[in-house]
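The values are calculated or read from the model by the stated rules, or taken from the named source; none is laboratory data. Keep in mind it's a predicted model, so treat the numbers as computed, not measured. Heads up, the Cβs are rebuilt from the backbone with ideal geometry, glycines too, and the neighbour counts pull from every protein chain shown. For accessibility, only protein heavy atoms count, side chains too; no ligands or nucleic acids. Shrake-Rupley method; radii C 1.70, N 1.55, O 1.52, S 1.80 Å.
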Amino acid sequence: MEKLNQADAIVFGSPTYMGGVAAQFKSFIDNAGVWFDQGWKDKIAGGFTHSSSPSGDKEGTLLYLATHAAQQSMIWVSIGDLPSNYFGKDDGVNRLGAFIGVMGQSAIDMSGKPPEIESGDALTAQRYGERIAIATQRWQK
């Protein structure tokens, strides 16, 4: 918690499970204890999620993350990239068409191995991280 409290920005992430955040993430948020004193007020925020379905109600997870950030009085940063298929590009940036935060998708694998991340999803996440960093620098001026 100390590292989060000292950070200039926090990017929340959770797998989408049954249309929402995972129970472990919800427990973390419920027990963070920073809301009462608005300890993250004016801190930059963003969010991402991942699931095995192209949709899987991932937007519900991102809305939860953004709502949580708003309740903390944080400044939410949107994704900032149109889906690459709008322009016939082939890089896969924002291939799932999210705007509020990053959505990723991998085939379901119950082996316990980490999922293989699509190259477009990885590029989207990298670009979003850069956008968060730029917004954080601007906000601190």
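Residue-wise test of (1) in contact (Cβ under 8 Å) with a residue 60 or more places away in the chain; (2) not polar (S, T, N, Q).
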site	(1), (2)
Gln72	no, no
Lys89	no, yes
Val93	no, yes
Leu96	no, yes
Gly101	no, yes
Ile108	no, yes
Glu116	no, yes
Thr136	yes, no
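Closer than 17 Å to Ala22 by Cα, of a type in the set (Ser, Thr, Tyr) and not in a loop (DSSP other than H, G, I, E, B): is that true of Tyr86 in this structure? For Tyr86, the condition - closer than 17 Å to Ala22 by Cα, of a type in the set (Ser, Thr, Tyr) and not in a loop (DSSP other than H, G, I, E, B) - is not met. Pairs are defined by a Cβ separation below 8 Å, a sequence spacing of at least 6 or placement on different chains, a first member in the stretch 15-28 that is free of Cβ contacts under 8 Å to residues at least 60 places away in the same chain, and a second member that is open to solvent by 30 Å² or more (accessible area, probe 1.4 Å) and assigned to a helix (DSSP H, G or I); the pairs so defined are Thr16/Gly60; Tyr17/Ala23; Gly19/Gly60; Gly20/Lys26; Gly20/Gly60; Gly20/Tyr64; Val21/Tyr64. Among the residues of the stretch 11-38, the ones that are exposed (fewer than 15 other Cβ atoms within 10 Å of the Cβ) and among the aliphatic types (A, V, I, L, M) come to 2 in all.
Answer yes or no: is there a residue in the stretch 41-48 that is open to solvent by 20 Å² or more (accessible area, probe 1.4 Å), part of a loop (DSSP other than H, G, I, E, B) and under 30 Å from Lys141 (Cβ atoms). The answer is yes, given that some residue of the stretch 41-48 is open to solvent by 20 Å² or more (accessible area, probe 1.4 Å), part of a loop (DSSP other than H, G, I, E, B) and under 30 Å from Lys141 (Cβ atoms).
State all residues of the stretch 9-45 that are more than 16 Å from the chain's Cα centre (by Cα) and not small (Gly, Ala, Ser); if no residue qualifies, say none. Hits for the stretch 9-45 are Met18, Asp30, Asn31, Val34, Trp35, Phe36, Asp37, Gln38, Trp40, Lys41, Asp42.
Of the residues in the stretch 85-117, how many are open to solvent by less than 90 Å² (accessible area, probe 1.4 Å) and acidic (Asp, Glu)? Number satisfying all stated conditions: 2. Scanning the stretch 50-69 for residues that are open to solvent by 70 Å² or more (accessible area, probe 1.4 Å) and either in contact with a Pro (Cβ under 8 Å, 6 or more places away or on another chain) or of a type in the set (A, V, I, L, M) (or both) yields a single hit, Leu63. Residue by residue through the stretch 118-129, note down the ones that are open to solvent by 30 Å² or more (accessible area, probe 1.4 Å) and touching a Gly at 6+ places or on another chain (Cβ under 9 Å). Those that are open to solvent by 30 Å² or more (accessible area, probe 1.4 Å) and touching a Gly at 6+ places or on another chain (Cβ under 9 Å): Glu118, Ser119, Ala122, Leu123, Ala125, Arg127, Gly129.
Candidates are the residues of the stretch 17-56 that are among the β-branched types (Val, Ile, Thr) and at pLDDT 95 or above; the one that is nearest to Arg95 (Cα to Cα) is Thr49.
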